[in-house]
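Worksheet: one structure, shown below.
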């Protein structure tokens with residue numbers, strides 16, 4: 001369903017298990033950044049009421065998830081560390097800056113939607129791995145509960161890209177983006193981060 005071309009390195013979950021504080025901190029900030037992204041989209045595209053409503057809902061949900069991840073840290077007597085850089089996200093953004101076919105405004109909009117969709121798709125895949133393979137039963141259950149919303153967010157962003165794209169073949173651009181993302185994943189899956 002997600003269309004990802006290359007799965008996460010199966011050893012990633014073993015790396016994550018060695019430092020739960022690190023992965024939970026990184027995850028918390030991923031949720032916060034997703035909420036900030038939704039707010040940014042509202043600010044840029046207030047002319048689309050359905051988009052504003054959807055982004056408002058996503059923002060609320062992402063901040064709820066941030067709170068849930070923070071609670072997991074507190075339950076374990078761990079602290080929320082500082083925000084980490086996310087090279088994976090930067091690599092995706094750099095790729096999209098070079099892909100501007102179509103009108104500049106429409107192209108920028110489509111790229112923003114596909115950027116968010118890709119992050120949600122990879123996050124969903126990582127949550128699935130954690131829900132199935134991590135040895136911590138509490139975190140298994142936790143990540144299973146979060147998987148569905150990530151998948152729903154992914155389809156929301158793809159849907160808006162298709163709805164408001166004018167003269168842009170969104171399916172083709174998405175497939176090209178998936179191919180690029182697969183090439184990126186050859187170097188990721190080795191760090192204690194949600195996308196690393």
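The values are calculated or read from the model by the stated rules, or taken from the named source; none is laboratory data. What you see is a predicted model, and the numbers here were worked out from it, not measured in a lab. In this analysis, Cβ positions are derived from the backbone assuming ideal geometry, glycine residues included, and neighbour counts consider all displayed protein chains.
Please indicate, with yes or no, whether at least one residue in region 166-183 is in a helix (DSSP H, G or I) and over 30 Å from residue 48 (Cβ atoms). Steps first, answer last, please.
As a first pass, look at region 166-183 and keep what is in a helix (DSSP H, G or I): 170-183.
Pick out the ones that are also over 30 Å from residue 48 (Cβ atoms) and you get 182-183.
Yes, region 166-183 contains a residue that is in a helix (DSSP H, G or I) and over 30 Å from residue 48 (Cβ atoms).
In region 158-187, the residues that are in contact (Cβ under 8 Å) with a residue 40 or more places away in the chain and at positive phi reach residues that are loosely packed, with under 15 Cβ neighbours inside 10 Å and not in a helix (DSSP H, G or I) with C-beta atoms within less than 8 angstrom, at least six apart or across chains, in these pairs: 167/103.
For residue 141, the requirement of being part of a helix (DSSP H, G or I) and either closer than 19 Å to residue 18 by Cα or without any contact (Cβ under 8 Å) to a residue 40 or more places away in the chain (or both) is met.
Here residue 105 meets each of (1) assigned to a helix (DSSP H, G or I); (2) at pLDDT below 90; (3) surrounded by 13 or more Cβ atoms within 10 Å (Cβ to Cβ) with one exception, condition (3). Among the candidates 196, 159, the residue that is out of contact with any strand residue (DSSP E or B) (no Cβ under 6 Å at 6 or more places or on another chain), modelled with pLDDT of 90 or more and surrounded by 14 or more Cβ atoms within 10 Å (Cβ to Cβ) is uniquely 159.
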